[in-house]
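Enquirer: The following block contains the structure, expressed as structure tokens.
The values are calculated or read from the model by the stated rules, or taken from the named source; none is laboratory data. Fair warning: this is a prediction, and the values are worked out from it, not measured in the lab. Neighbour counts run over all protein chains shown; Cβ positions are idealised from the backbone, glycine included.
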Amino acid sequence: MNFDPRYSGRSFTSVGTRPIRPDGVDKVTGRARYGADFNMAGQLVGRVLRSPHAHAKIRKIDTSKAEKLAGVKAVITAADLPDLTDGDAAMYDILDNCMARTKALYDGHAVAAVAAVDARTARQALKLIEVDYEVLPHVVDVDEAMKHTAPLLNDAIFTEGLEEKPVKPSNVTKRTQYGHGDIHEGFGQADFVVERSFKTEQTHQGYIEPHACVASVSSDGTADLWVCTQGHFVYRQHCAQLLGMEASKLRVTSSEIGGGFGGKTHVWAEPVALALSRKAGRPVKLVMTRDEVFRASGPTSATSIDVRIGARKDGTITAAEATLRYSCGPYAGMWAEIGAMTAFACYKLDNVRTVGYEVLVNRPKTAAYRAPSAPMAAFAVESAVDELAKEIGMDPVEFRIRNAAQEGTRSSYGPVYGPIGIGPTLEAAKNHPHMKAPLGKNQGRGMACGFWFNFGGQTCTDLNIGMDGSVSLAVGTVDVGGSRASLSLVAAEELGIDYGQVKAVVADTSSLGYNDMTDGSRGTFSSSMATISAARNAIKTLRDRAAQTWDIPIDDVVWEKGHAIAKGEKYGNLAALSLKEIAAASGKTGGPIAGHSELVADGAGVSFATHICDIEVDPETGSTRVLRYTVVQDAGKAVHPTYVEGQYQGGAAQGIGWALNEEYIYGKDGRLQNPGFLDYRIPVCSDLPMIDTQILEIPNPNHPYGVRGVGETSIVPPLAAIANAVSNAVGVRMTHIPMSPPRILAAIEAER
Amino acid sequence: MMPKSAQRFSDKHHGPNEGLALMVEVTLWGSLGALAGGKSKVEIEAKDIRELFRKLAEQYPGLEPLIEKGIAVAIDGTIYRDTWSKELPQGAEIFLLPRLAGG
Amino acid sequence: MRYIRPLSIEDAAGLLAGSTGTAAILAGGSDLLVRMKGGFIEPDLIVDIKAIEGLGEIRETAEGFSIGAAVPCAVLGESKVLKKAWPGVVEAANLIGSKQVQGRCTIVGNLCNASPAADSVPALVAAGAKAVVVGPGGKRTIAVEAVPTGPGKTSLAKGEIVEAILLDKRPPRSGDAYLRFIPRTEMDIAVVSAGVNLTLDEQGRVKSARLALGAVAPTVILVEAAAEVLIGSRLDEATLERLAKVCSGACRPIDDKRGTVEFRRKVAGVLAKRAATTAYKRAGGK
Ligand SMILES: Cc1cc2nc3c(=O)[nH]c(=O)nc-3n(C[C@H](O)[C@H](O)[C@H](O)COP(=O)(O)OP(=O)(O)OC[C@H]3O[C@@H](n4cnc5c(N)ncnc54)[C@H](O)[C@@H]3O)c2cc1C
């Protein structure tokens, strides 16, 4: 690796400004092309038949009637997606989830699919497919599923991670444990102990754009896939593996994306669309309905968490413990484990232990949702921390400052921290005017902290300089939040040119080397590193071309403010050459000028945030109103501050919805009752106050500009901050998320 | 091939051990420890993550499938998921963690 | 599927009466089209009533108001006289959906969709509104509460169309109000709702009263016992408490995804108190 990623402490011209994003005009005028906006001549409509049962054995599927319907061009079942996963258990689960093989494991599980000339015919064809189900008992609640008497989803699963190998199969796929010290000793030193159990219901990322793709498989075995995704390279790998194709023969183009938040890191319908197209010999467009998105994409876990924390009178936490049970849907996951790792990550603890249980239930396969698993753990822990502060008689911010992790602290998940931002966010919150604003009747204030790891990953970027001196930047991380603007700023900064001279695009999988997905808050962190590296490579070529033009050694040419400059007295009469001039002459000096970069952007650096929120509760109805909300978070360096603020606000908005009203509601029959935005209540504009943000910039030592990921951490504190605010407003500790009006009213009535 | 000058440039930024393999103490997270014969700490002579993984797999074959699938290495608190060439500086705290998903 | 846009109500009624298969009346379409898109209904015939002469008008008559079946709810909000006379009915109609939805939807569609949670219906029932029904057998005028018979079901016979909604002229010292409970601030369905209509005597005592509750039974219900509590009172604390109790008791709610039985009972009482207080103030009571 010839690239030095360390923070350089330089000053900036472009980075830190707030220009309009390159995709902005198209998005607000409706020209932008999302997943469902691609069309091909002769394309068919794909539709999926889904199980109406929460748990059922598939005895037989008869597709003959559907196949005979005029206009139907292909009908597929699991038989058309043979198992090519070669012992890769995680891929097998993805395959089984795309199309049920022997059992339908949740309401909405795909069992067959059709491709027909139009939507009406496709719908009719679905009705003609006869599925013979043997309905089995089901379980959707995480605590119920752990009981010995619960119906088993998979009798080949024996809990991993137990001291003794279990003899009976279980819905608990795995137990994990984190921590250090001796909690018994720690609790022995405590003057105060708070112990509570919490529950959070399952939520969906709620992206506005449903999953959509167009698949076109040619008779020579090559294929194209246009799709809305957070990671087209990963989709390519997964689809190629599941369909038995070579990755290079499947070209995947990512569309604009109307939200993903983790839900578009996973294939759902894409392998099905490809299989349909392969069978029909025509392009197939498959767009999920909202109902399908809720029932059959990847919501987050429902959880049940017990927390115990002890502290001395002086406010020092002596021990902390949590047991976390997370639903995974019908397939093994590591969601409780992530909860167990993040739960106490904000604090300096001598004695801590967390135990996680991964639990199978008859619900859709859990997928990542923005800092996956951390918000629920933070809700439980930060609620207990608040309560403990109250018992001791300390201000909740002071109590947290006293116990905050710092450089040198052993984190609850193991490693010792380097320089971190939890302390500064707490200090900023303490000094924020929001903290001192007066509160009215029935109003309460809450605050909470949150942690997320942040990732980097494999990244590849091309920077091409046109003959006219304009720059096109081809990146491989899907732009989910304005990263094309940020990366253009970075390219402009390195090259010393105007932002307007750079145009960034997300390249397809055949035009660029492999890139990991845009997940783990890595988009701008990773691709900016690759862009800096690509720009520096391009600058080397630019200097070389200038040197050729002047006929002097390249070492005598430096690059400054977008110009090649001949260094030293002896070249005094050589006028600087602009990028534009060098580009114009490039045909004669050696051909096109470009800079490329392939790297692993690592060392993303952990991230912390502190949120403050004011809530008013109507004590007669349990209705809530968020009056004021403030986010304080470390960005390392805000490349485009507006979009950093957007991430902070977006995380808070999603957290507010989750905390107050969003939830998957299942009927006794195990079917989802509210698969639509009418009864799955995400906040509308008028539900939210202006969400105030404060960006802290504590440079990340592992990035040339000090950038950290900012996308996910902002969803970690809201559940807890809002629960603390509501609890303070009504005088009753709220332990069940969402705090919908019926739950709040019931809690108030129970206290009366 | 890396140009010569770049090679030199990158060498300059190598850690203090200048390519020499040193004994490092590696801490394993819970379920990983179980696969390494119940150990939570192991000593390995390795200069970078590549060598660490190779030797771990040699000495504790139970770990190989997990290393294959991908695990993360925290070096002094900073998590690395994919950088095999990352050196293990002398005296650094090396911690193995599961590879996590993000949203 | 046939789509027809007749110009007279007789033609419309005739088309519907003569149809074989499923036929549907299209007003604003904000229920019908949603149900068609969701695949819940696939009509063979759609009769769009928006081009029918007079159906898009609000008329002031000697008896009060006649609101045509195709008048969008937004237009009700723009009628100053109607708003002054029946502020509760208008505020209910203007809670439906959003600005965009209100530009299309009608109170007749709201009534005939027969949802127990329909927003304008409790206000109309409290107001004592009547529906003019035209059908193959001629014209009849019925109380609005006689139209819905259960979720999604109405008493209208094949071929019958609601032509207009009639509201009485207001006696002096009258006021009405409508409140609904939704977890969000808009774009939601009432979990519980209450419409109240009061007329006071010269001393500020309630002379006549009607109170209707929504989303607490299979249809919107008129709570006669609530009127008894209110009549003769000046809405003092004790009356309001009794009102809340009576209303909670009158509910026959279910537990569902939108709310629990206990929640609906309790909040029905709370909304009844609050709506009654607003109606009382609008009637000039102090
Ligand atoms: C986004 C959205 C938000 C909504 N929010 C609300 C809300 O907050 N509160 C609420 O109460 N509703 C709400 N609704 C439902 C709907 O808007 C209302 O019920 C509306 O009043 C229906 O009126 P319409 O004219 O659009 O009815 P249509 O859809 O045209 O018709 C509704 C039904 O009535 C029948 N019908 C219509 N006119 C007549 C007639 N003249 N005679 C006999 N039958 C007739 C139709 O055949 C159909 O069955 C919402 C709908 C949407 C899409």
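Enquirer: Scanning for something crowded, with 23+ Cβ neighbours inside 10 Å, β-branched (V, I, T) and part of a strand (DSSP E or B), does segment A:114-136 turn up at least one residue?
Expert: yes
Enquirer: Cβ-Cβ below 8 Å, separation at least six or inter-chain, first residue in segment A:587-600 and under 17 Å from A:S511 (Cα atoms), second at pLDDT below 95 and surrounded by fewer than 17 Cβ atoms within 10 Å (Cβ to Cβ): which pairs?
Expert: Matching pairs, first to second residue: A:L599/A:M1.
Enquirer: Of everything in segment C:232-247, what is hydrophobic (A, V, I, L, M, F, W, C) and under 22 Å from C:A215 (Cβ atoms)? Give them in sequence order.
Expert: First pass over segment C:232-247, keeping only residues hydrophobic (A, V, I, L, M, F, W, C): C:235, C:238, C:240, C:243-244, C:246-247.
Across segment C:232-247, the qualifying residues are C:L240, C:L243, C:A244, C:V246, C:C247.
Enquirer: Name the strands (runs of 3 or more DSSP E) wholly within segment B:13-103 that hold at least 1 residues that are away from chain A (no Cβ under 13 Å) and surrounded by 14 or more Cβ atoms within 10 Å (Cβ to Cβ)?
Expert: Counting at least 1 such residues, we get B:22-28, B:41-46.
Enquirer: Residues that are more than 8 Å from the ligand (Cβ to nearest atom) and surrounded by 20 or more Cβ atoms within 10 Å (Cβ to Cβ): find the strands (runs of 3 or more DSSP E) completely inside segment C:17-131 holding 3 or more of those. Steps first, answer last, please.
Expert: Numbers: elements: C:23-26, C:45-48, C:58-60, C:64-68.
Once the strands (runs of 3 or more DSSP E) in segment C:17-131 are filtered for at least 3 residues that are more than 8 Å from the ligand (Cβ to nearest atom) and surrounded by 20 or more Cβ atoms within 10 Å (Cβ to Cβ), what remains is C:64-68.
Enquirer: Go through the residues of segment A:60-69 one by one and say whether even a single one is in contact with a Pro (Cβ under 8 Å, 6 or more places away or on another chain) and not assigned by TED's automatic domain parsing to the domain that holds A:D669.
Expert: No, segment A:60-69 has no match at all.
Enquirer: Ok, one more. Condition first: more than 14 Å from every other protein chain (Cβ to nearest Cβ) and surrounded by 18 or more Cβ atoms within 10 Å (Cβ to Cβ). Now tell me which residues in segment C:174-206 satisfy that.
Expert: As a first pass, look at segment C:174-206 and keep what is more than 14 Å from every other protein chain (Cβ to nearest Cβ): C:174-178, C:195-206.
Passing the criteria: C:S174, C:G175, C:D176, C:A177, C:Y178, C:G195, C:V196, C:N197, C:L198, C:T199, C:L200, C:V206.
Enquirer: Considering only segment C:96-115, I want to know if a residue exists there that is under 24 Å from C:L230 (Cβ atoms) and in contact (Cβ under 8 Å) with a residue 40 or more places away in the chain. Quick ask: steps written out before the conclusion?
Expert: So in segment C:96-115, the residues under 24 Å from C:L230 (Cβ atoms) come out as none.
No; the residues of segment C:96-115 include none that is under 24 Å from C:L230 (Cβ atoms) and in contact (Cβ under 8 Å) with a residue 40 or more places away in the chain.
Enquirer: Go through segment A:430-479 and give me each residue that's of a type in the set (V, I, T) and closer than 25 Å to B:I79 by Cα.
Expert: Selection gives A:T459, A:T461, A:V475, A:T477, A:V478.
Enquirer: Mind listing just one residue for me: the one in segment A:51-103 that is among the basic types (K, R) and not in a loop (DSSP other than H, G, I, E, B) and, of those, surrounded by the most Cβ atoms within 10 Å (Cβ to Cβ)? Let's see the steps before the verdict.
Expert: Step one: of segment A:51-103, the residues among the basic types (K, R) are A:57, A:59-60, A:65, A:68, A:73, A:101, A:103.
From the residues that got through so far, the ones that are not in a loop (DSSP other than H, G, I, E, B) too are A:57, A:59-60, A:65, A:68, A:73, A:103.
Values: A:K57: 13, A:R59: 10, A:K60: 8, A:K65: 14, A:K68: 11, A:K73: 23, A:K103: 20.
Here the residue is A:K73.
Enquirer: Another one. Just to check your reading of the model, which residue among C:G109, C:G138, C:G88, C:G103 is within 15 Å of the chain's Cα centre (by Cα) and under 22 Å from C:D48 (Cα atoms)?
Expert: Residue meeting the stated conditions: C:G109.
Enquirer: In segment C:1-16, what residues are in contact (Cβ under 8 Å) with a residue 60 or more places away in the chain and either surrounded by 15 or more Cβ atoms within 10 Å (Cβ to Cβ) or near the ligand (Cβ under 9 Å from one of its atoms) (or both)?
Expert: Scanning segment C:1-16 gives C:I9, C:A12, C:A13, C:G14, C:L16.
Enquirer: In a loop (DSSP other than H, G, I, E, B), in the same structural domain as A:A322 (by TED's automatic domain parsing) and modelled with pLDDT of 95 or more: is that true of A:L426 in this structure? Before you say what the answer is, go through the steps one by one.
Expert: Numbers: in a loop (DSSP other than H, G, I, E, B): no; in the same structural domain as A:A322 (by TED's automatic domain parsing): yes; modelled with pLDDT of 95 or more: yes.
The answer is no for A:L426.
Enquirer: Now a separate question. Do we have any residue at all in segment A:201-213 that's away from chain B (no Cβ under 14 Å) and closer than 28 Å to A:G161 by Cβ?
Expert: yes
Residue-by-condition table, conditions (1) part of a loop (DSSP other than H, G, I, E, B); (2) of a type outside the set (S, T, Y); (3) touching a Cys at 6+ places or on another chain (Cβ under 9 Å); (4) under 24 Å from A:D182 (Cα atoms):
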site: A:V355; (1), (2), (3), (4): no, yes, no, yes
site: A:K365; (1), (2), (3), (4): yes, yes, yes, no
site: A:A368; (1), (2), (3), (4): yes, yes, no, no
site: A:A377; (1), (2), (3), (4): no, yes, no, yes
site: A:V381; (1), (2), (3), (4): no, yes, yes, yes
site: A:D386; (1), (2), (3), (4): no, yes, no, yes
site: A:A389; (1), (2), (3), (4): no, yes, no, yes
site: A:R402; (1), (2), (3), (4): no, yes, no, yes
site: A:P419; (1), (2), (3), (4): yes, yes, no, no
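Enquirer: Being away from the ligand (no atom under 11 Å from the Cβ) and of a type in the set (V, I, T) is the filter here, so list the residues in segment C:149-164 that pass it.
Expert: Residue satisfying the conditions is C:T149 alone.
Enquirer: Restricting to segment A:293-309, name every residue that is more than 25 Å from A:K390 (Cα to Cα) and touching a Lys or Arg at 6+ places or on another chain (Cβ under 7 Å). Full working, then the answer.
Expert: Going residue by residue through segment A:293-309, those that are more than 25 Å from A:K390 (Cα to Cα) are A:293-303.
Selection gives A:R295, A:A296, A:G298, A:T303.
Enquirer: Filter segment C:179-196 down to residues that are in contact with a Gly (Cβ under 6 Å, 6 or more places away or on another chain) and within 11 Å of the ligand (Cβ to nearest atom), then give me how many there are.
Expert: So the answer is 2.
Enquirer: Oh, and also: How many of the residues making up segment A:451-488 are closer than 30 Å to A:P375 by Cβ, at pLDDT 95 or above and out of contact with any Lys or Arg (no Cβ under 6 Å at 6 or more places or on another chain)?
Expert: Result for segment A:451-488: 13.
Enquirer: Could you tell me whether A:M435 is over 20 Å from the mean Cα position of the chain (by Cα) and closer than 30 Å to A:I20 by Cβ?
Expert: The answer is no for A:M435.
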